[in-house]
Structures are given as structure tokens and as C-alpha cells.
Amino acid sequence: MQQGKQEESEPQPQDVEEKVQPKDACSMDQAPPPQDDHGEAVDESDPAEASAATDELTKWRELALRTAAEYDNYRKRCVKEREEFTRYATRNLLEELLPVVDHFEMGMQMAEKEKGSMLYIGMEMVQKQLQDFLNAQGVEPIPTEPGMPFDHNLHEAIQSEASDQPEGSVLRILRPGYKLKGKLLRPVNVVTAAPPAPQA
């Protein structure tokens, strides 16, 4: 009988849960009251406080949008600069290589007298490798022919000679010029035509 009384007096699980559960617990779905920039609650019933809070929110929203736009512009600028650097990183190296190519071309002209020789055949193979390398880097020669009009964007006049050709036209090519991916790498050195000297 005593055991039965003890069992009746023990608290049930439901009773424990009811005691632990606070009576005034806030609902998770209930939004917190609006706060000002100092973290203090805004009295929505006060028009002045509500207006000030709205202005403050608008100010911070505009600042966030402006910051996002500036960051996007910065990111695009970095991408463009990185592409430009990658595209023209080899420019200095190629500029120093071009005189070597010039001298090699002169050697090829001298060796043309013995085209059947092993020396010429070997030089011809090296010439092809040089051309393939320059093409792979985006280097292309600037096409220039005698008689063409002088173009200050592509040509550099080293000297001029009296000629019956139109004034300013190209008479001779002293050194070839090249472009690097569409931009001028080295101008063509040329001799231009000058008016013929007046007869005495």
C-alpha cells in the first residue's frame, strides 16, 4: 500500500515540462522591434523617431549600393589590367629579340648563294622556328612595299632622297617593322622620296 501511495505522489513528465516551460516565452516568428543606429528600440508611435529611423535606413542602403558598385568596378578593372599584363608581358623580351632576328635575316641573305649547303639548310630550319615562335606570340610583320605612301603610324623616316616618285612615298625599307597583337611593336625604318633638286 505504501508503494502505491509513493507512485501516486511522483510528478508526471507532463507536469515537469509545464514547470520548465516559461509562461512568457517569446515566439520565434515575432520580429524584434525596430532599432536606431545605436541599437536602441525605436518608438514607432512617435512620427519623428520613425522618420529618423527611415532616413537612417535609406542612408545605409544607399551606402551599401554605392559600395557594391565601386567594388564591381574595381573587380572589372583588375580583370582588365590582368588581361593586359598577360597579353603584353613579353613585349620587352620580343623587342630585344627583334635585332637578333634582323641579323639572322641578313645572314640568310648572304647564305643564299649556297642554298644546297648543309649550313643554309640548317639556318633555314632555325629561321622557320623563329618565325613560328614570333607567330605564336602574336608578332606579325608590317607589310611595306616601295612606292607606298608614308604612314607615320607604322613608318619611321630615317632619311629622304630626291626622287621622281611622289613626295613622301617609301623608296626603300631599311629595317622591317612588327606589330604585337594588333599594336605597334616596332616601326618600319624607311627612306622617303623628296622632290628632285631644281636644275641650275
From the residues in the range 94-144 that are surrounded by fewer than 10 Cβ atoms within 10 Å (Cβ to Cβ) and of a type in the set (Gly, Ala, Ser), which one is farthest from the chain's Cα centre (by Cα)?
-> Gly116
Note on Tyr88: of the conditions (1) modelled with pLDDT of 90 or more; (2) of a type outside the set (Asp, Glu); (3) under 29 Å from the mean Cα position of the chain (by Cα), unmet is (1)
May I ask you to list pairs of residues, at least six apart or on different chains, whose Cβ atoms are under 9 Å apart, with the first in the range 100-122 being touching a residue at least 60 places away in the same chain (Cβ under 8 Å) and the second being basic (Lys, Arg)?
-> Asp102/Arg175
Where in the range 115-200 are there strands (runs of 3 or more DSSP E), lying fully within it, with 1 or more residues that are touching a Leu at 6+ places or on another chain (Cβ under 8 Å) and more than 23 Å from Thr86 (Cα to Cα)?
-> 155-162, 188-194
Name the residues in the range 61-87 that are basic (Lys, Arg) and farther than 24 Å from Gln137 by Cβ, would you?
-> Arg61, Arg66, Arg75, Lys76, Arg77
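The rows are residues; the columns are (1) over 23 Å from Leu184 (Cβ atoms); (2) in the same structural domain as Lys183 (by TED's automatic domain parsing); (3) surrounded by 10 or more Cβ atoms within 10 Å (Cβ to Cβ); (4) touching a residue at least 12 places away in the same chain (Cβ under 8 Å).
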site	(1), (2), (3), (4)
Ala48	yes, no, no, no
Lys59	yes, no, yes, no
Glu62	yes, no, yes, no
Leu65	yes, no, yes, no
Ala69	yes, no, yes, no
Lys76	yes, no, yes, no
Val79	yes, no, yes, no
Phe85	no, no, no, no
Please work out if Ser117 is in contact with a strand residue (DSSP E or B) (Cβ under 9 Å, 6 or more places away or on another chain) and of a type in the set (Ser, Thr, Tyr).
-> no
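The values are calculated or read from the model by the stated rules, or taken from the named source; none is laboratory data. Since the structure is predicted, the reported quantities are computational estimates derived from the model, not experimental observations. Don't worry about glycine lacking a Cβ; one is built from the backbone with ideal geometry, like all the others, and counts go over all protein chains shown.
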